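Student: My questions will all concern the structure given below.
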Amino acid sequence: MTTPNKKRGLGRGLDAILQSPETDITSADISGNYVAGAIAQIEIDKIDTNPFQPRTDFDESALNELAESIKNQGVIQPVTVRKMGYDKYQLISGERRLRASKLAGLKTIPVFIRVANDEQMLEMALIENIHRENLNAIEVAISYQRLLEECKLTQDQLSEKVGKDRSTVANFLRLLKLPAEIQIAIRDGYITMGHARALVNINDKAKQLIILKRIIEEDLSVRQVEMLAREKSPAKKQKSVVPESYKIQADTLSKALKMNVKVNRDSKGKGSLTISFKNDEEFEKLIDFINNGN
């Protein structure tokens, strides 16, 4: 089972950040030959990687393909950097293009120059990461969570920055409440976002994992999973909690009657005493014992 790729457009939030006067200073040359806000060719060796980069997995074959394209066509879309000092820069977004350019043997790369503090750096890196086309739902959810926690955003602010409805953001965040096994299945493409949304409505972890196994083994549709999720689990029987003193008294009564005596009791103290008899004679003997007390 594979998860269909959905093309994501650039959210309004990233544009707003990049055009903000707090991150785009064009009035002074504060870093060597280029002013902030400019598009320029910068030596690759002068660009440090982004310490806030949320993406750690870069497909080697895809990077090689991009490197070949860059050799033939050049870098079409500039990467974004921030000034760090005299002719020193730090990558904000575009690490894949930067890596491929190095593989292609380029000495310089086109860049947008911005000024940003560390929190803005993290925010921009996370938002750019969210809009990658091949991002899986768990990666999106983790990026959303980091934006909320590390950038101190509310869900409303987050939805505005990434250009998504608040309900969509909330649905992604709920995925992080799922068991690790299910999150891995989402990440690796064994189940879709639709399957996950059905599973997240189940409160019983054991049931979630049973259905996960069925999705993978039986190739269940989202509709089938939704139906399974609505099925109620059989009520669990309350565990019998019989004090040792009760067991001793039941054993004493059993020996006196020469009949099988069984005692049950739940955690609240409610219970029953069952005496089994084999025939009418034993029943009469039991009644006589109860009436006469011996």
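The values are calculated or read from the model by the stated rules, or taken from the named source; none is laboratory data. This one's a predicted model, so the numbers in the text were calculated from it and none came from an experiment. Heads up, the Cβs are rebuilt from the backbone with ideal geometry, glycines too, and the neighbour counts pull from every protein chain shown. Surface areas here come from the heavy atoms of the whole protein model, side chains and all, with no ligands, DNA or RNA. Shrake-Rupley method; radii C 1.70, N 1.55, O 1.52, S 1.80 Å.
Student: Of all the residues that make up the stretch 58-71, how many are open to solvent by less than 100 Å² (accessible area, probe 1.4 Å), charged (D, E, K, R) and in a helix (DSSP H, G or I)?
Tutor: 1
Student: Test of understanding: among Ser233, Ser272, Ser267, Ser276, which residue is modelled with pLDDT under 85 and either more than 33 Å from the chain's Cα centre (by Cα) or acidic (Asp, Glu) (or both)?
Tutor: Of Ser233, Ser272, Ser267, Ser276, the one residue that is modelled with pLDDT under 85 and either more than 33 Å from the chain's Cα centre (by Cα) or acidic (Asp, Glu) (or both) is Ser267.
Student: Contact list please: Cβ distance under 6 Å, first residue in the stretch 184-212 and farther than 16 Å from Gln224 by Cβ, second residue among the small types (Gly, Ala, Ser) and open to solvent by 50 Å² or more (accessible area, probe 1.4 Å), pairs at least six apart or on different chains.
Tutor: Close Cβ pairs satisfying both conditions: Asp204/Ser233.
Student: Sticking with this one: If a residue must be in a loop (DSSP other than H, G, I, E, B) and more than 12 Å from Leu286 (Cβ to Cβ), how many such residues does the stretch 256-275 contain?
Tutor: The number of residues fulfilling the criteria is 5.
Student: Can I ask one more? State yes or no: is Ala38 more than 25 Å from Cys151 (Cα to Cα) and at pLDDT 80 or above?
Tutor: The answer is no for Ala38.
Student: In addition: Mind checking whether some residue in the stretch 201-223 is at pLDDT below 85 and either closer than 30 Å to Asn264 by Cβ or open to solvent by less than 50 Å² (accessible area, probe 1.4 Å) (or both)?
Tutor: Within the stretch 201-223, not a single residue is at pLDDT below 85 and either closer than 30 Å to Asn264 by Cβ or open to solvent by less than 50 Å² (accessible area, probe 1.4 Å) (or both).
Student: Being within 30 Å of Ala170 (Cβ to Cβ), of a type outside the set (Val, Ile, Thr) and in a loop (DSSP other than H, G, I, E, B), is that true of even one residue in the stretch 232-255?
Tutor: Checked against the condition, which is being within 30 Å of Ala170 (Cβ to Cβ), of a type outside the set (Val, Ile, Thr) and in a loop (DSSP other than H, G, I, E, B), the stretch 232-255 yields at least one hit.
Student: Another question, then. Please determine whether any residue of the stretch 227-239 is among the polar types (S, T, N, Q), in contact with a Lys or Arg (Cβ under 7 Å, 6 or more places away or on another chain) and farther than 30 Å from Phe289 by Cα.
Tutor: yes
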